[in-house]
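Notes follow once the structure below has been shown.
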Amino acid sequence: MNILVLGSGAREHSFVHALAKSPTVHKIFACPGNVGMSDTPICKRIPSRSNAELVSYCKDKIDLAVVGSSKFVEEGTVDALVLAGIPVIGPAEDAGRIETSKAFSASFIARHKIPAPVTSIVVNSFEAEQALFKNPNLRVVKCDGFSRGSGVAVCDSLEETQQQIHYFLETHGAPVILQEKLEGIECSYTLLTDGHQWISFSSCRDYKRILENDEGATTGGMGAVSPSPDLTPELEKQIIDTVVQPVVDGMKEDNLLYKGFLSIQLMLTKDGPKVLEFNARLGDPETQSILTRFRGDLAGILKDCAMGCLNNIGSEVAFGKYSAVSVVIARENYPEDESDEPIITGTENIENSVIFYSNCRKAENREGYYFKSGRLISVTAIAETLEEARKLCYSDIERLHLEKVRYRRDIGA
């Protein structure tokens, strides 16, 4: 089987790493990929192409396409590949709006009575002031579309909320989504669905804030542990009954073609789990933790899903009892400023972890890499317990030579 992986980040690197272990995989093509993937001998990187050029390239050589970045959903790449008869793990553009448009997602949630924070969708400052007057607890401000991890502001005061609304309207445009600020523990629950059947692809505890103790700016993700230590069997059943099944049923009811991963970002509140947002794909760095734990035939399961014949037998067994910890190394001033050039060397000293690279290339005049993104690498370790995985991960980070970077030291603590 020849597989195309679409994207260039650490998430896509994790897919390449996991798919290469499947016995049926002959070749992996990463578009555009990154230089870190060169450690996988069967992986070949190909440059970015238009949808038409990509379809032409893939027509007779690709058996399955796996979408990493949501931009390929938003830009219609999934639709183009499906129309060309190429099986794809990734939703069609209309179904992908469950992530690419938070206004669409909020309407979907309300229509199908899925538990979520109180939400108001506004298009100008006047509507925003009216919404805040009616509900002073609206403290989360979100842009509608794709924002590279910078489209959410969690505010501590009314004044800060008003400032962020003005900033989002000026920077991202209308609509802007306002949500109630919930108290609880964040958790993501991932499923793989062919539009009819679904299987669990485990859970994660996410770390979105830039600083320890969940302080500072909201980011695309500074780390993850899998499975979520907060998810009891009783709580998982509640999530399945009140969120997962209604989402899958709602997609069918709305005639939305969805074949792929759906990562549900949840807040575990005293009133039960509530949906914060959806990722129409595996998230980053959740993918790194989840797929590092996976022990089954990933390519086979994904091909079955893309062909609409997903089978739920044995899915949980493939994860075993292992725990994974993934720590993101980011630029020193991320997410506010990404101008400084970081240095990461010493990766050959890593003993117990796997390094997944974000968009990067080899440096010409020094050791290491040039990075194009704010988040640089994900260091991921697995062990029989969360505590042991955490110890292995941070011990390996200490073996790296790092300059002009930052990372959280409390992932999994």
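The values are calculated or read from the model by the stated rules, or taken from the named source; none is laboratory data. It should be emphasised that the depicted structure is a prediction, and the values quoted were computed from it without experimental measurement. Ideal geometry is used to build each Cβ from the backbone, glycine not excepted, and the neighbour counts take in all protein chains shown. These area figures cover heavy atoms from the full protein model, side chains too; ligands, DNA and RNA do not enter into them. Shrake-Rupley method; radii C 1.70, N 1.55, O 1.52, S 1.80 Å.
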(message) Could you go through the stretch 250-271 and let me know if any residue there is closer than 20 Å to SER101 by Cβ and without any contact (Cβ under 8 Å) to a residue 60 or more places away in the chain.
(response) yes
(request) Could you check SER326 against (1) small (Gly, Ala, Ser); (2) part of a strand (DSSP E or B); (3) in contact with a His (Cβ under 8 Å, 6 or more places away or on another chain) and say which number it fails? (result) (3)
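For the stretch 401-413, enumerate the residues that are closer than 24 Å to ALA217 by Cβ, touching a strand residue (DSSP E or B) at 6+ places or on another chain (Cβ under 9 Å) and of a type outside the set (Val, Ile, Thr).
As a first pass, look at the stretch 401-413 and keep what is closer than 24 Å to ALA217 by Cβ: 402-413.
Going one step further and asking which of them are touching a strand residue (DSSP E or B) at 6+ places or on another chain (Cβ under 9 Å), we end up with 402-412.
Those that are closer than 24 Å to ALA217 by Cβ, touching a strand residue (DSSP E or B) at 6+ places or on another chain (Cβ under 9 Å) and of a type outside the set (Val, Ile, Thr): LEU402, GLU403, LYS404, ARG406, TYR407, ARG408, ARG409, ASP410, GLY412.
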(message) Just to check your reading of the model, which residue among GLY260, GLY195, GLY223, GLY216 is open to solvent by less than 30 Å² (accessible area, probe 1.4 Å) and over 19 Å from the mean Cα position of the chain (by Cα)?
(response) GLY195
(message) Checking TYR370 against (1) open to solvent by 70 Å² or more (accessible area, probe 1.4 Å); (2) in contact with a strand residue (DSSP E or B) (Cβ under 7 Å, 6 or more places away or on another chain); (3) free of Cβ contacts under 8 Å to residues at least 60 places away in the same chain; (4) not in a loop (DSSP other than H, G, I, E, B), only one condition comes out false. Which one?
(response) (1)
(request) State whether the residues of the stretch 334-351 include one that is touching a residue at least 24 places away in the same chain (Cβ under 8 Å), assigned to a helix (DSSP H, G or I) and open to solvent by 10 Å² or more (accessible area, probe 1.4 Å). (result) yes
(request) List the number of the failed condition for LEU182; all other conditions in (1) out of contact with any Pro (no Cβ under 9 Å at 6 or more places or on another chain); (2) in a loop (DSSP other than H, G, I, E, B); (3) farther than 25 Å from VAL73 by Cα hold. (result) (1)
(request) Considering only residues that are farther than 21 Å from VAL243 by Cβ and β-branched (Val, Ile, Thr), look in the stretch 74-118 and name the one that is most open to solvent (accessible area, probe 1.4 Å). (result) VAL82
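Residue-wise test of (1) farther than 20 Å from LYS274 by Cβ; (2) touching a strand residue (DSSP E or B) at 6+ places or on another chain (Cβ under 6 Å).
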{"site": "PHE104", "(1), (2)": "no, no"}
{"site": "HIS112", "(1), (2)": "no, no"}
{"site": "VAL118", "(1), (2)": "no, yes"}
{"site": "VAL122", "(1), (2)": "yes, yes"}
{"site": "ALA131", "(1), (2)": "no, yes"}
{"site": "ASN137", "(1), (2)": "no, yes"}
{"site": "VAL140", "(1), (2)": "no, yes"}
(request) Quickly run through the stretch 141-174 and pick out the residues that are open to solvent by 20 Å² or more (accessible area, probe 1.4 Å), closer than 16 Å to ALA106 by Cβ and more than 18 Å from the chain's Cα centre (by Cα). (result) HIS172, ALA174
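How many residues, within the stretch 401-413, are assigned to a loop (DSSP other than H, G, I, E, B) and either open to solvent by 60 Å² or more (accessible area, probe 1.4 Å) or touching a His at 6+ places or on another chain (Cβ under 8 Å) (or both)? Walk me through how you get there before you give the answer.
Of the residues in the stretch 401-413, the ones assigned to a loop (DSSP other than H, G, I, E, B) are 404, 407-413.
Next, from what is left, pick out any that are either open to solvent by 60 Å² or more (accessible area, probe 1.4 Å) or touching a His at 6+ places or on another chain (Cβ under 8 Å) (or both): 404, 409, 413.
Residues flagged as assigned to a loop (DSSP other than H, G, I, E, B) and either open to solvent by 60 Å² or more (accessible area, probe 1.4 Å) or touching a His at 6+ places or on another chain (Cβ under 8 Å) (or both) within the stretch 401-413 amount to 3.
Before we move on, is ILE89 in contact with a Pro (Cβ under 6 Å, 6 or more places away or on another chain), at pLDDT 95 or above and over 18 Å from SER358 (Cα atoms)? Give the derivation first.
Working: in contact with a Pro (Cβ under 6 Å, 6 or more places away or on another chain): no; at pLDDT 95 or above: yes; over 18 Å from SER358 (Cα atoms): yes.
Answer is no for this residue.
Collect the residues in the stretch 28-39 that are open to solvent by 10 Å² or more (accessible area, probe 1.4 Å), farther than 16 Å from SER378 by Cβ and β-branched (Val, Ile, Thr), keeping them in residue-number order. Full working, then the answer.
Applying the first criterion (open to solvent by 10 Å² or more (accessible area, probe 1.4 Å)) to the stretch 28-39 yields 29, 32, 35, 38-39.
Those left that are additionally farther than 16 Å from SER378 by Cβ: 29, 32, 38.
If the condition is that a residue be open to solvent by 10 Å² or more (accessible area, probe 1.4 Å), farther than 16 Å from SER378 by Cβ and β-branched (Val, Ile, Thr), then no residue fits.
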(message) For the stretch 373-400: of the residues being touching a Ser or Thr at 6+ places or on another chain (Cβ under 6 Å), part of a strand (DSSP E or B) and within 25 Å of GLY216 (Cα to Cα), which is most open to solvent (accessible area, probe 1.4 Å)?
(response) ARG375
